[in-house]
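Report on one structure; see the data block that follows.
The values are calculated or read from the model by the stated rules, or taken from the named source; none is laboratory data. Because the structure is a prediction, the values reported are computed rather than measured. Cβ placement follows ideal geometry from the backbone for every residue including glycine, while neighbour counts extend to all protein chains displayed.
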Amino acid sequence: MRSDDPDLPALDVSGVAYRYGAGFQFGPVSLRLQRDEMTALLGPNGSGKSTLFRLVAGALAPERGTICLAGTPVTALSPRRRARQLAVVPQAISIPPGYTVREVVAFGRTAYAPMLAGLTATDRRTIDRALTLTDTDRLADRQFGTLSGGERQRGLLAMALAQEPQLLLLDEPTAHLDIHYQVDMLDLLHRLHAAGEITVLVTLHDLNLAALYFPRLVLMAGGQIVAEGDAEAVLRPAVLDPVFAGRVRVLRHPTHNVPMVVPEPGARSRDQRFTA
Amino acid sequence: MPSPARVPRLRVKGCPDAVAGTRLTRPVNRPAVIFPLLLAVLLVSITVGVAVGPTPLPPGRQLAILAHQLGLWHGAVTWPSDQAVILLQVRIPRVAAGVLVGAALATAGTLLQGLLRNPLADPYLIGVSSGAGLGATVAALFGPIVINLAGFGLTSLLAFTGGLLTVLLVYRLAWVGGTVPVTTLLLAGFAVSAIMGAATTLLYTVSGQLTTRIRDLFAWLAGGISVVGWTQLALVGPIVLLTLAVAWMFARTLNAFALGEEGAAYVGVHVQRQKIAIIAVSTLLTGCAVTLSGLVGFVGLVAPHAMRLLIGPNHRTLLPAAALGGASFLVLADLGARVALAPIELPVGIVTALLGGPFFLYLLQRNKRPHAL
């Protein structure tokens, strides 16, 4: 079933549902990513985007529906085989002290490790390339714990690239970063995407970064996909108002001319500001 | 490697000590220096451990007797014949047992600390010690019955069985919907240990039989190498050495566990399967150590920490380093136990705790930063 047929979607989520206990109901959700696509998954807290992310990553098993990677159901893949196809850059991960960046990037080669051996020549080459691609080669011998937030995020991205995946998932890659590091991170992601055949799915809080960097946005709310398409199609008041309780306004980016979303304070907070 | 001048000094606001003293980089050529050093230390420990005792056996004499025994040297025998017996039947087996126990406990501790990402994990964490203690106590109830299986008495056998069964029980109890979360594992281990401990104390209290043997039992619980000869070593030695090799095969998996269980799964680790395997390997090593030496504490906690400081957390190098370091530590501690109050022999567990405890506290003081250990 699995092949390198370029017509097979990199990711095919169809009719997937999941339930946390008796509470939040997720789905059914269907989503298809063509090979080489770059997609941002958006939505407010509790919208289900993290659930979808973890379902695709394999951390959760769907209750109903199927998730296929290049034609093969995720559930039919061993963790080892899955890790060679799909790499995840998790959010805010803490790594015990002492590991160097190069050692952390080497974690990404676990799925290729024969039982006994250390790193092979191929492993080393791939690690070096991942370090170069993410511009972390000069940090390679630094202890991971001494890196800044942005450097850490790049190191984890290098680890994911060392897996040589076809599909790359990033969970809030810009969280807790200052604006210039957010932009650096997404620029880097774009360069990577341009450099090699890789499908990218990213969860993002920031609607504006999504508008600037991603050709396709998927907006979730209440465990459902409520809109998808380019920034013009998704970042419209008619779409956003129900999702964000009417607390946003849509403007245009002064130089890139894409929709930008700014917060609209509630009446009460505005009053307070005026009286302060 | 960036020169120190170009590396920015890191200061974390609010906790000035947090990162300030941390080395940013780690010398990469360290293993090439550290392994020969560790081997040399072990060799010296073994030589001294064999040499010191009521009948001193200096290294030259050790070599002469060994060479003669192995047929490598046919010169005149210049030593009393009892020295050969002491060397071959008493000292070497005892020191060999020390090497095995130290290496096994240090490796078991390294495995569990890596797997659970918990610096406080030691080989006894999930119930081996309480189960083994109960087993040994039950054995003492049978007092006069003498069983001898490949040199092992009833105490060792029941302790080994008790330890293994307890870990199985803890693992089974911690099983929640197809997975074994670390928290439940630790809590189940804690609860089961408490119950086993209570049962052990209950047996002490109600059994008249035990009161006469309580001293022996206490010495066993405090840990002491009680090797009678080569038969036990011939059985346990190969098992331990083989299991150490198996443990080393988990090095890269253990490294990946640094990402947490979910992160480890993302890079291709079959988390539940590997977790069972690693716990099994660690338990087997601990069980073997217990049969040779009772409950020796602190080796499995301190040796991994000391070696992690020396050589870094990468399990490819950490596991063998911990085995070598733990072996040296236990051989020296056993030597201390024999000579400190000679002719009275202290339980080796007292020595390891007296040396290991302060050392652990020293590490704690040295590294006052989160996750430092």
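For the list (1) more than 27 Å from the chain's Cα centre (by Cα); (2) within 16 Å of B:Ala322 (Cα to Cα); (3) not hydrophobic (A, V, I, L, M, F, W, C), I need the number of the one condition that B:Arg30 fails.
Every condition holds for B:Arg30 apart from (1).
A:Pro97 versus (1) of a type outside the set (A, V, I, L, M, F, W, C); (2) at the interface with chain B (Cβ under 10 Å from one of its Cβ atoms); (3) more than 27 Å from B:Leu310 (Cβ to Cβ): which is the lone unmet condition?
(3)
State yes or no: is B:Leu111 closer than 23 Å to B:Glu261 by Cα and either among the polar types (S, T, N, Q) or assigned to a helix (DSSP H, G or I) (or both)? Reasoning before the result, please.
Values: closer than 23 Å to B:Glu261 by Cα: yes; either among the polar types (S, T, N, Q) or assigned to a helix (DSSP H, G or I) (or both): yes.
So B:Leu111 fits the description; yes.
Being in a helix (DSSP H, G or I), of a type outside the set (S, T, N, Q) and surrounded by fewer than 22 Cβ atoms within 10 Å (Cβ to Cβ) narrows it down to one of B:Ala306, B:Ala322, B:Ala327, so name that one. Before you say what the answer is, go through the steps one by one.
Working: B:Ala322 fails: surrounded by fewer than 22 Cβ atoms within 10 Å (Cβ to Cβ); B:Ala327 fails: surrounded by fewer than 22 Cβ atoms within 10 Å (Cβ to Cβ).
Of B:Ala306, B:Ala322, B:Ala327, the one residue that is in a helix (DSSP H, G or I), of a type outside the set (S, T, N, Q) and surrounded by fewer than 22 Cβ atoms within 10 Å (Cβ to Cβ) is B:Ala306.
Looking at A:Leu55, is it surrounded by 18 or more Cβ atoms within 10 Å (Cβ to Cβ), of a type in the set (A, V, I, L, M) and in contact with a Lys or Arg (Cβ under 8 Å, 6 or more places away or on another chain)? Outline the logic, then answer.
Values: surrounded by 18 or more Cβ atoms within 10 Å (Cβ to Cβ): yes; of a type in the set (A, V, I, L, M): yes; in contact with a Lys or Arg (Cβ under 8 Å, 6 or more places away or on another chain): no.
In short, no.
Check off (1) more than 9 Å from chain A (Cβ to nearest Cβ); (2) farther than 30 Å from B:Gly153 by Cβ for B:Ile239 and give me the number that stays unchecked.
That leaves (2) as the condition not met.
What number of residues within region A:69-86 satisfy the criterion of being part of a loop (DSSP other than H, G, I, E, B) and either within 14 Å of another protein chain (Cβ to nearest Cβ) or within 17 Å of the chain's Cα centre (by Cα) (or both)? Steps first, answer last, please.
Step one: of region A:69-86, the residues part of a loop (DSSP other than H, G, I, E, B) are A:70-71, A:77-78.
Narrowing further to those that are either within 14 Å of another protein chain (Cβ to nearest Cβ) or within 17 Å of the chain's Cα centre (by Cα) (or both): A:77-78.
So the count comes out to 2.
Return the pair list, or none, for Cβ contacts closer than 8 Å from residues in region A:50-68 that are part of a helix (DSSP H, G or I) to residues that are surrounded by fewer than 16 Cβ atoms within 10 Å (Cβ to Cβ) and small (Gly, Ala, Ser), at least 6 apart or on different chains.
Correct list of pairs: A:Leu55/A:Ala61.
Looking at region A:105-112, is at least one residue in contact with a helix residue (DSSP H, G or I) (Cβ under 8 Å, 6 or more places away or on another chain), of a type in the set (Lys, Arg), closer than 21 Å to B:Arg273 by Cα and crowded, with 23+ Cβ neighbours inside 10 Å? Outline the logic, then answer.
The initial filter retains those residues of region A:105-112 that are in contact with a helix residue (DSSP H, G or I) (Cβ under 8 Å, 6 or more places away or on another chain), namely A:105-112.
Still in the running and of a type in the set (Lys, Arg): A:109.
With closer than 21 Å to B:Arg273 by Cα added as a condition, the list becomes A:109.
Narrowing the set further to residues that are crowded, with 23+ Cβ neighbours inside 10 Å leaves A:109.
Yes.
Could you list, in sequence order, the residues of region B:288-318 that are within 14 Å of another protein chain (Cβ to nearest Cβ) and closer than 18 Å to B:Leu332 by Cβ?
B:Pro304, B:His305, B:Ala306, B:Met307, B:Leu310 - these are the residues of region B:288-318 that are within 14 Å of another protein chain (Cβ to nearest Cβ) and closer than 18 Å to B:Leu332 by Cβ.
Restricting the first residue to region B:169-185 and requiring it to be closer than 14 Å to B:Leu115 by Cα, which pairs with a second residue that is at pLDDT 85 or above and among the aromatic types (Phe, Trp, Tyr) meet a Cβ separation below 7 Å and a spacing of at least six or different chains?
Cβ pairs passing all conditions: B:Val180/B:Tyr171.
Taking the condition of being in contact (Cβ under 8 Å) with a residue 40 or more places away in the chain, aliphatic (A, V, I, L, M) and more than 7 Å from chain B (Cβ to nearest Cβ), how many residues in region A:100-121 meet it?
Residues that pass the stated criteria total 4.
Please state which one of B:Trp220, B:Trp230 is surrounded by fewer than 20 Cβ atoms within 10 Å (Cβ to Cβ) and out of contact with any strand residue (DSSP E or B) (no Cβ under 9 Å at 6 or more places or on another chain). Don't jump to the end; show me each part of the working.
On the way: B:Trp220 fails: surrounded by fewer than 20 Cβ atoms within 10 Å (Cβ to Cβ).
Exactly one residue qualifies, and that residue is B:Trp230.
Kindly evaluate A:Met185 against the criterion of being farther than 15 Å from A:Ser47 by Cβ, touching a Gly at 6+ places or on another chain (Cβ under 8 Å) and either among the small types (Gly, Ala, Ser) or at pLDDT 90 or above (or both).
Working: farther than 15 Å from A:Ser47 by Cβ: yes; touching a Gly at 6+ places or on another chain (Cβ under 8 Å): yes; either among the small types (Gly, Ala, Ser) or at pLDDT 90 or above (or both): yes.
Yes; evaluated as a whole, the condition is true for this residue.
Residues in region B:152-180 that are more than 21 Å from B:Gly197 (Cβ to Cβ) and either surrounded by 17 or more Cβ atoms within 10 Å (Cβ to Cβ) or modelled with pLDDT of 85 or more (or both): how many? Before the answer, list the steps.
From region B:152-180, those more than 21 Å from B:Gly197 (Cβ to Cβ) are B:152-153, B:175-180; that's our starting set.
Among the residues that remain, those that are also either surrounded by 17 or more Cβ atoms within 10 Å (Cβ to Cβ) or modelled with pLDDT of 85 or more (or both) are: B:152-153, B:175, B:180.
Qualifying residue count for the region: 4.
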